[in-house]
Every structure is written in C-alpha cells, then in structure tokens.
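Peer 1: Pasting a structure here, questions to come.
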Amino acid sequence: MPRRVLIMGAAGRDFHNFNVVYREDGQADVVAFTATQIPFIENRRYPPELAGPRYPDGIPIFLEHELPKLIGDLRVDDVVFAYSDVSHEYVMHAASRVLATGASFVLLGPDATMLEANVPVVAVCAVRTGAGKSQTTRKVVQRLKEHGKKAVVVRHPMPYGNLVAQRVQRFEGFEDLDRANVTIEEREEYEPHLRQGTVVYAGVDYGAILEQAQKECDVLVWDGGNNDYPFYRPAVHIVVADPLRAGHERSYHPGETNFRMADAIVINKVDSANADQLAEVSRSAETLNPRAMVIRAKSPVRVEGDTELAGKRVLVIEDGPTLTHGEMQYGAGVVAARKERAADIVDPRAWAVGSMKDVYAKYNVGPVLPAMGYSAQQLADMVETIAAAKPDLVVIASPIDLSRLIDLPAPSMRVSYDLRELPGSPTVRDALAPVLDLSDA
C-alpha cells in the first residue's frame, strides 16, 4: 500500500518537494498540503496540470492549524515539514504535534531535493531572512559579468497567484512584472536584478524552470528565499550571516544547515554589530564550518535624491519579509532616518487599519510599516495607514519604488544599500574563483 503523505508548507519548498520526490512516486500518495506564513493561499488546490496524471483532481491545501484533525481524517502516515526560517524549537513542536497523532515526521534533505544543472550554479542563501542575500546576489552577478560570464538569476518560489500560469515565469523588464501582476514581495526580489539587466526566473516547477534557464546562461545564480537551502546543487554555496541576530546561525531551521554547508560565509553588517556579536558569529563559523571562507562585509545605507530628512517627522516603510519572517524590529530605513537626524520616527501601529492591523497582531514588528502587498486591499490598507499617521515624509527602504504602485499620501524618498567587503577580507570574487575556473574550462 502506498504511504499517505501530507506536506506542511508555505507555497514554496512544499511544492518543490512534491514535484521532485513524490509526483512520480507510486509508493506514496500526497493527500494534502497545509499552508502557513503567507496570507491568502489556503482553500486552494495544487492543480492537476502541475500535480500530474496520478492526481487528476489536484491536491487540496488547508490551513496548518487543522493539522491534527487532517492527519486523522485523511489517514496520514507521513507528514513532511517543508518551509523555512523557523526556530529549532518551532520545528520540534511541529514534530511533537505530528508524532502525538501516531504519524511520522519527515525532513527531506538536500540530496533528495536538489536538481543537477548542466551549467555551474552559484547559490546565495542565508541564516535568516533579512541578513543581506539580495545585495550579496547582486554583487555575485556583478562580479560574474565583469569576468565575461552571462548570468541568469533563478529566484526561490513565491507563487501566490494562478499556479498553472506561474509554472515557469521569466522576467526581463518591468513590463513583465506588470503583466504577471506580481506582489510587492515578488517585486522586492525581482526589480533590483532587472535594473542590473539580469533576467530572472521564478515559478512553481523548478525542473521545468531549470531546463529553460540554463539554456541562456554561462552561470546560473540561485537567489535563495528566507533561509532555505538551494533547489539546485551549487558549485559554490555562499551563505549570509547576520551578527545583529548572533546565535541564530545555530538555532534556526534550515539556516544552520546552510551555515554548515556553505563554501563561503558572508558576515554582513559588521559596521552595525558590536564586537561581541561579531565574535559570536565568527566562533560559530570556526566551530560549525571551519573549512568555509569567511567574508566580512557591510551594507551601508544610501539616501537617494536631494530630499532632506533632518528635522522631519518620518514614517519608515521597511522590507516586509525582513520584519515578518525575519523577526527584525526595523531595517535600513530606520538606520537612514537616524543617520540623517530625522526629528521623529512616526509609529504607524496606532493608525493601522484592516490587514495591516492583522500583520501587527501576528508579527512582533517595531514602529515601522512593513511593505505588504499580497492583494489590492492590502495595498489600500497601507495607504490608509500612512494617511492617518500624517508624516512629513515617507522613507521607503523596500528595494522597489512603491510610488509606482500606490499613490502615497505624503512626500517620499528612497533608501538603498549594496554589499561592500572590508579591506583585507576575502571577497565575493575570491569565493567565485571555482565557478570562474569551471566556466573557463
């Protein structure tokens, strides 16, 4: 009898694990997915067009809080945990909930789920969301291009819309994002690459994505999401650690896995962290992964344009996942506002409405506004919250220009940041040497 499988996920690794491990496996029947972390993805089905002929009706998706009942009702044998950026304690509590029902709790490893490319792969992953993957990935692409290599970025999945239409997505310009009606979270990851002239792939079926993407590049760059490990087997695995959350490289899943697997560890934000924090992450590297190259870097904030922050009441919009999944209280926008001597950072929580009020209730977000845009209503709720707070200026630290998507009710300015290695430190170029050699062979 085939084993009956339920996959716990968040519309990303769960679908990948199914596609790679279970879709063609006659010894397993996947009876359901459960969803968490991401809003508006429950009460859907993984469609039959993607699930394959063994699943003519597709696979239902339920909310995770229904898990114990689902295990009983669906006679589940194995529960596969398949999402990221959660504490080790969280994972074991999930395991205990499952084991208490009598079912088995399963974690699928990299060898079971990584696909093999026929071009070199550079993977950029992290210990936590918000550690600095985006600027590190941009630095990787920049260095590859400087050495004459054509790079294509494949981004970790964020399929929140029509899954069939999102099976394979290719973005070359902003108009492609508009046609695909992507969310703010997706734009935050795609737009910086597009501004660099780099093609971005994403979607649902990463086997099909790989077949297409590897045809148009010399080097494929895996741009990881949250703190998940790569879907493709890397020739070079770069992992970003955040000393502002020192110790999380040993206590978050699967960030510790990445940290132990890394060929190169980037200790970012060295200009923001204190000596004790930096020493703790360095000790972790020496203990958990002594073979890894350690790159020390900073990501200084840069205020764009001529707008003055000094003396103004500012409302800061930060990158959403950094605050929600990443559990940070603030980000680059607050750093810039303090540096530029803003008179006051307006706390928007008192004026939050609708879905934004729900975000603050669910996550321990500080006195900033997370860039959330999973629906038109959520965008409208952001605008209404800003309007009610009546700031002099909105500081946008999201990687995208929100003013292109919403009519901000106050003047705005943007903050950006890039990765800079410290003098005397190994560099991203040093870490890429094996891939450059492979590409030249």
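The values are calculated or read from the model by the stated rules, or taken from the named source; none is laboratory data. What you are looking at is a predicted structure, and each value in this text was computed from that prediction instead of being measured. Here the Cβ is made from the backbone with ideal geometry for all residues, glycine too, and neighbour counts use every protein chain on show. Protein only, heavy atoms only, side chains kept; ligands, DNA and RNA dropped before computing areas. Shrake-Rupley method; radii C 1.70, N 1.55, O 1.52, S 1.80 Å.
Condition check ((1) part of a helix (DSSP H, G or I); (2) open to solvent by less than 20 Å² (accessible area, probe 1.4 Å)) across all residues:
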residue: Val334; (1), (2): yes, yes
residue: Arg349; (1), (2): yes, no
residue: Met356; (1), (2): yes, yes
residue: Tyr360; (1), (2): yes, no
residue: Gly366; (1), (2): no, yes
residue: Met372; (1), (2): no, yes
residue: Leu379; (1), (2): yes, no
residue: Val383; (1), (2): yes, no
residue: Ala387; (1), (2): yes, no
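Peer 1: Here's something else I'd like to know. Looking at the range 149-163, is at least one residue among the polar types (S, T, N, Q) and either touching a residue at least 12 places away in the same chain (Cβ under 8 Å) or closer than 23 Å to Leu436 by Cα (or both)?
Peer 2: No: zero hits.
Peer 1: Run down Ala285, Ala350 and say which single residue is small (Gly, Ala, Ser) and over 23 Å from the mean Cα position of the chain (by Cα).
Peer 2: None of the others qualify; the one that does is Ala350.
Peer 1: Could you tell me which numbered condition Thr136 fails, if it satisfies all but one of (1) farther than 30 Å from Val76 by Cα; (2) out of contact with any Leu (no Cβ under 9 Å at 6 or more places or on another chain)?
Peer 2: (2)
Peer 1: Then there is this: Please work out which residue is surrounded by the most Cβ atoms within 10 Å (Cβ to Cβ), limiting yourself to the range 299-326 and to residues that are free of Cβ contacts under 8 Å to residues at least 40 places away in the same chain and in contact with an Asp or Glu (Cβ under 9 Å, 6 or more places away or on another chain). Lay out the reasoning, then the answer.
Peer 2: Of the residues in the range 299-326, the ones free of Cβ contacts under 8 Å to residues at least 40 places away in the same chain are 306, 308, 310-311.
Among the residues that remain, those that are also in contact with an Asp or Glu (Cβ under 9 Å, 6 or more places away or on another chain) are: 308, 310-311.
Values: Glu308: 13, Ala310: 9, Gly311: 11.
The qualifying residue surrounded by the most Cβ atoms within 10 Å (Cβ to Cβ) is Glu308.
Peer 1: Another question, if that's okay. Just for the range 202-223: of the residues that are surrounded by 24 or more Cβ atoms within 10 Å (Cβ to Cβ), in contact with a helix residue (DSSP H, G or I) (Cβ under 6 Å, 6 or more places away or on another chain) and not aliphatic (A, V, I, L, M), which one is nearest to Gln169 (Cα to Cα)?
Peer 2: Tyr206
Peer 1: Within the range 160-167, identify whether any single residue is open to solvent by less than 40 Å² (accessible area, probe 1.4 Å), assigned to a helix (DSSP H, G or I) and either modelled with pLDDT under 95 or out of contact with any strand residue (DSSP E or B) (no Cβ under 7 Å at 6 or more places or on another chain) (or both), and answer yes or no. I'd like the intermediate steps shown before the answer.
Peer 2: Here is the first cut: in the range 160-167, the ones open to solvent by less than 40 Å² (accessible area, probe 1.4 Å) are 160-161, 163, 166.
Now restrict to residues that are assigned to a helix (DSSP H, G or I): none.
The answer is no; no qualifying residue exists.
Peer 1: Of all residues in the range 170-183, which are surrounded by fewer than 23 Cβ atoms within 10 Å (Cβ to Cβ) and either in a helix (DSSP H, G or I) or in contact with a strand residue (DSSP E or B) (Cβ under 7 Å, 6 or more places away or on another chain) (or both)?
Peer 2: Arg170, Phe174, Glu175, Asp176, Leu177, Asp178, Arg179, Ala180 - these are the residues of the range 170-183 that are surrounded by fewer than 23 Cβ atoms within 10 Å (Cβ to Cβ) and either in a helix (DSSP H, G or I) or in contact with a strand residue (DSSP E or B) (Cβ under 7 Å, 6 or more places away or on another chain) (or both).
Peer 1: Return the residues of the range 404-424 that are open to solvent by 20 Å² or more (accessible area, probe 1.4 Å) and in a loop (DSSP other than H, G, I, E, B); say none if nothing qualifies.
Peer 2: Leu405, Asp407, Leu408, Pro409, Pro411, Asp418, Leu422, Pro423, Gly424
Peer 1: Still on this structure, please answer the following. Provide a single number: the residues in the range 268-280 that are open to solvent by 60 Å² or more (accessible area, probe 1.4 Å) and touching a Ser or Thr at 6+ places or on another chain (Cβ under 9 Å).
Peer 2: 2
Peer 1: Quick one: would you say Thr34 is surrounded by 21 or more Cβ atoms within 10 Å (Cβ to Cβ) and in a helix (DSSP H, G or I)?
Peer 2: no
Peer 1: Sticking with this one: Based on this model, can you work out whether Glu116 counts as within 30 Å of Glu211 (Cβ to Cβ) and more than 24 Å from the chain's Cα centre (by Cα)?
Peer 2: Answer is no for this residue.
Peer 1: Output the residues belonging to the range 62-93 that are surrounded by 20 or more Cβ atoms within 10 Å (Cβ to Cβ) and within 13 Å of Gly9 (Cα to Cα).
Peer 2: Of everything in the range 62-93, those that are surrounded by 20 or more Cβ atoms within 10 Å (Cβ to Cβ) and within 13 Å of Gly9 (Cα to Cα) turn out to be Leu67, Val79, Val80, Phe81, Ala82, Tyr83, Ser84, Asp85, Val86.
Peer 1: When Leu107 is evaluated against the numbered criteria (1) free of Cβ contacts under 8 Å to residues at least 24 places away in the same chain; (2) open to solvent by 50 Å² or more (accessible area, probe 1.4 Å), which criterion, by number, is the only one it fails?
Peer 2: (1)
Peer 1: Exactly one condition in (1) within 30 Å of Asp358 (Cβ to Cβ); (2) open to solvent by 20 Å² or more (accessible area, probe 1.4 Å) is not met by Arg283; state its number.
Peer 2: (1) is the only condition that Arg283 fails.
Peer 1: How many of the residues making up the range 188-201 are more than 15 Å from Ser416 (Cα to Cα) and open to solvent by 10 Å² or more (accessible area, probe 1.4 Å)?
Peer 2: Looking only at that region, the number is 3.
Peer 1: What about Arg97, is it touching a residue at least 12 places away in the same chain (Cβ under 8 Å) and part of a loop (DSSP other than H, G, I, E, B)?
Peer 2: Taking the combined requirement at face value, the residue does not satisfy it.
Peer 1: Checking the conditions here, which among Arg143, Arg128 is buried (at least 17 other Cβ atoms within 10 Å of the Cβ), in contact (Cβ under 8 Å) with a residue 12 or more places away in the chain, farther than 17 Å from Gly225 by Cα and among the charged types (D, E, K, R)?
Peer 2: Residue meeting the stated conditions: Arg143.
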